[in-house]
Structure formats: C-alpha cells, structure tokens
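Take a look at the structure set out below.
Taken together, the values in this text are just the output of simple stated rules run on the coordinates, not laboratory data. Owing to the predicted nature of the structure, the values given are computational and were not obtained by experimental measurement. When we count neighbours, we look across all protein chains shown, and the Cβ atoms used for this are built from the backbone with ideal geometry, even at glycine.
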C-alpha cells in the first residue's frame, strides 16, 4: 500500500474530488482526517473509510476561520500523533459574471475560501511538519490557473494564485524535508461541474449542451475526467514514489491544456 501508516488531512472531503481523495487514501492504507462544513456528508465518507479498516476523524471546519483550522489540526495531532499529508481541496465555484458586473463581496469570498483557506491550513500543519522534518502538501488547483477563463475571474484568480503560493512555499520548506505540489484538474464529473455548466449557459445565453460543448471541444480526450482519475494522481504525489518531486504543478485534464 502506497500510504500505509500515514495520516492525511483532506479539506472538503465530504463530496466530489475530496471524497474520492479521502477514499483513495484509505484504500492505500492511510488514516484520514476529514475537514469541511458539511458534517453529515463527511460522516458518510468516514463510515466508508472505517469499513476499509482505516481510521477516520471528522472535524467541522470552515477554512476561512483560522480558529477552527487550528482546532482541526490540534484534534488531528491529538488523535493520531502526527500529520503526514495535507490536501488543500476545499473550494467554491465563485460567481459566473463579467468583471464589470461582479459583486466585490463574491470576489473576496472566492479568494478567501479557495486561496486564503489553503494558506491558513498549510500554516497550521507546517508547525508540526517542520519540527518532524517530514511532510507533504498537495494543493488542489485547476487548469483555470493556467488559462483565461471568461465569466469566472475570481475563480481563475484564486487558482492562478494557488500556483504561486505553492511554488513559493515549496522553496521555503524544502530544507525541512517537506514537499509541496499542485494538482490541477480540468473539467471533472460531478455536481460542481453541472452547476458550472448551468451557470455558464445562463450567463452566456446559451443552452446547457452548448455550454458543455464549450469545454469538451477543447479536451483532447473529448470527455471530462473523473474524480477517481484526479485522486489517483493525488495519491502518487502524496506517496514516497514522488519523493523527488516538489514545487510542481500537474494537470489532470484529459489534454484540455498541454503546458
């Protein structure tokens, strides 16, 4: 098993990509801390993890609340004695709007959840990883961080920012044997993608099928990727098989972009 004996925190672990990552970690032998606002969904995932023979801890956590993040990390260390891996996955879609019509509060909320939340979680976990001289952070970005993305400027800004944040952090903590990488999914199956397509269709005056075609026409595989395809890449980056990899951004997008 690639992650046997390790303890991983997965933010936003109750659904979508976060759920897939949490379950993939358990399949590879890791105990998992689930951190998000939706306790009910996390309890369902935790039950599946325990059914695999691994331990799971559920922590109600708003990643924009520094106090709640501190409490979550402290609970993880108290329960398991360490944190080996942090997956900063929590995120929101943000508004679908032109810049000129954008509500500034929605801009701030998107960056607070998607980018500042990753900073706060990383900051608290590094307080334990650095003294232990061991650790691994995988930030879940998006290919929106490498391309122009009309009608989604707050989301794109947060994901472009994730790359710069991750690369800078990797330089700082590498001497402490802590690795930091970014995993960048493309259009991914699930409820969030359905919302994105519906909102884009509404904002552009197009149909749902036309909005979907906008994405799939740009993908070399001509399909979206699955949460499980994303989680498989995260498992690799979190494992010792990737021990020589840090400060990198990896696309899992079916060839939607190739750089």
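Order of 87-93, 227-233 by packing, highest average Cβ count within 10 Å first?
The densest-packed peptide leads the list: 87-93, 227-233.
Just to be sure I understand the model, the point goes 7 Å from the Cα along the line to the Cβ. What's the resulting residue 1 to residue 132 distance in nm?
Here the answer is 1.6 nm between the modelled labels.
Considering Cα pairs under 8 angstrom that are at least six residues apart, work out the relative contact order of the chain and quote it in whole percent.
Normalised by residue count, the contact order of the chain is 19 percent.
State the percent of C-alpha pairs, over all pairs in the stretch 126-259, separated by a distance greater than 25 angstrom.
Above the 25 Å cut-off, the stretch 126-259 has 32 percent of its Cα pairs.
Hey, how many Å between the Cα centroid of the stretch 5-51 and the Cα centroid of the stretch 149-203?
Cα centroid to Cα centroid, the span is 20 Å.
Between 97, 206, 38, where does the largest GNM mean-square fluctuation fall for the chain, given springs only between Cα atoms within less than 10 Å?
Of 97, 206, 38, the Gaussian network model singles out 206 as fluctuating most.
For the stretch 57-115, just the Cα atoms, rotate onto the principal axes and tell me the three extents in Å, largest first.
Here the spans come out as 49, 19, 15 Å, largest first.
Provide, in order from the shortest bin, the percent of all Cα-Cα pairs of the stretch 109-181 in each 5 Å bin, continuing until the bin that contains the maximum pair distance.
Once binned at 5 Å, the Cα pair distances of the stretch 109-181 give 3, 18, 26, 21, 14, 10, 5, 2, 0.
Under the definition of Cα pairs under 8 Å and six or more residues apart, what whole-number percent is the relative contact order of the stretch 88-230?
It comes to 24 percent, rounded to a whole number.
Report the residue, chosen from 116, 216, 204, that carries the largest GNM mean-square fluctuation when the chain is represented by alpha-carbon nodes joined by springs under 10 Å.
Of the options given, 204 has the highest mean-square fluctuation.
When only C-alpha pairs under 8 Å and at least 6 residues apart count, what is the relative contact order of the stretch 167-259, in percent?
Once normalised by length, the contact order is 45 percent.
To the nearest µm²/s, what D does Stokes-Einstein give for the chain at 25 °C and 0.890 mPa s, using the Kirkwood radius over alpha carbon pairs as Rh?
Working: Rh = 18.4 Å.
Taking Rh from Cα pairs, D becomes 134 µm²/s.
Per-residue counts of other Cβ atoms within 10 Å, averaged by peptide: what ranking do you get for 44-54, 148-158, highest first?
Details: 44-54: 16.2, 148-158: 19.5.
Packing order, densest peptide first, comes out as 148-158, 44-54.
Specify the angular offset, from 0 to 90 degrees and rounded to the nearest 10, of the alpha carbon long axis of helix 16-27 from the longest principal axis of the alpha carbons in the chain.
It works out to around 30 degrees.
As an exercise, use a Förster radius of 22 Å and the Cβ-Cβ distance of residue 258 and residue 207 to find the FRET efficiency, rounded to the nearest 0.05.
Numbers: r = 28 Å, r/R0 = 1.29.
After rounding to 0.05, the efficiency reads 0.20.
Taking only Cα atoms and a 10 Å spring cutoff, compute GNM fluctuations for the chain and point out the largest among 65, 114, 181.
Taking springs between Cα atoms under 10 Å, the residue moving most is 65.
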